[in-house]
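The values are calculated or read from the model by the stated rules, or taken from the named source; none is laboratory data. All values derive from a computational prediction rather than experimental measurement. When we count neighbours, we look across all protein chains shown, and the Cβ atoms used for this are built from the backbone with ideal geometry, even at glycine. Only protein heavy atoms, including side chains, enter the accessible area calculation; ligands, DNA and RNA are left aside. Shrake-Rupley method; radii C 1.70, N 1.55, O 1.52, S 1.80 Å.
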Amino acid sequence: MHTIIGNRFLAAVFAALVIGAGAPAQAAEYDLDIEGMHAFVEFKVPHLTYSVLSGRFNEFDGSFTWDRENPGDSSISVTIQTASLDSNHEERDQHLISEEFLNVAKHPTATFVSTSYDGDASGGTLSGNLTLNGVTRAIELAVSAIGEGKDPWGGYRAGFTATTTLRGPQFGYSHPFFPKEIEMAFGIEGVLRE
């Protein structure tokens, strides 16, 4: 499986283009918009040597702190339920979550916790620790800000995209058909906590 987490998939991170007035003047806490599913975690991996397989994780949660005036003070934490893998093919999904591949019975979650952000309010590099398959490794994500502002329901939102490429062997995956590289893409839309 390509990733969690090419350049297209999670993380999430902190740089924003102001869309409207009333932006928080200092660091603020946001919860990922899981209820409305305005966030996503997707992956792309090569299928043999013939094509590309894409999919997503349907269940995840997290929060982030965003400070557009001092982006370096921002942070994020995300937890992914690995059994929620969805490649649009049930039989393949069951194989991918089995002990041969993701081994979700033993490792039901993958987590990412940021350690630093190097960039400005429009984008940058988010560094942090990804724990997958019981192995924790430092990774970097390329982050772009989408925007922030008031929503139609009286709330305030901020959104970003983040991408990275994961390498299966770094996380202990040794099956001969396990992809050596996994492209991950994260869509992060958060709602300001009241």
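Numbers below:
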{"item": "Student exercise, the chain dipole from Lys, Arg, Asp, Glu Cβ charges, in Debye to nearest 20", "result": "480"}
{"item": "Filtered chymotrypsin sites (Phe, Trp or Tyr not before Pro), the range 96-194: DSSP coil and at most 14 other beta carbons within 10 Å", "result": "153, 177"}
{"item": "Per DSSP, loop trypsin sites (Lys or Arg not before Pro) in the range 118-194 with at most 16 further Cβ within 10 Å", "result": "180, 193"}
{"item": "The chain - percent of accessible surface contributed by carbon and sulfur, probe 1.4 Å", "result": "48"}
{"item": "Reachable lysines, given that their alpha-carbon falls under 22 Å from the alpha-carbon of residue 44 and they are not under 8 places away in the same chain", "result": "180"}
{"item": "Linear extension gain, residue 81 paired with residue 137, 0.36 nm per residue minus alpha-carbon span", "result": "18.3 nm"}
{"item": "In order through the range 48-60: 3J(HN,Hα) via Karplus (6.51 cos²θ - 1.76 cosθ + 1.60), integer Hz, x for Gly, Pro", "result": "6, 10, 10, 7, 10, 9, 10, x, 8, 10, 7, 10, 7"}
{"item": "The chain, accessible area per residue, ligands and nucleic acids excluded (1.4 Å, Å²)", "result": "49"}
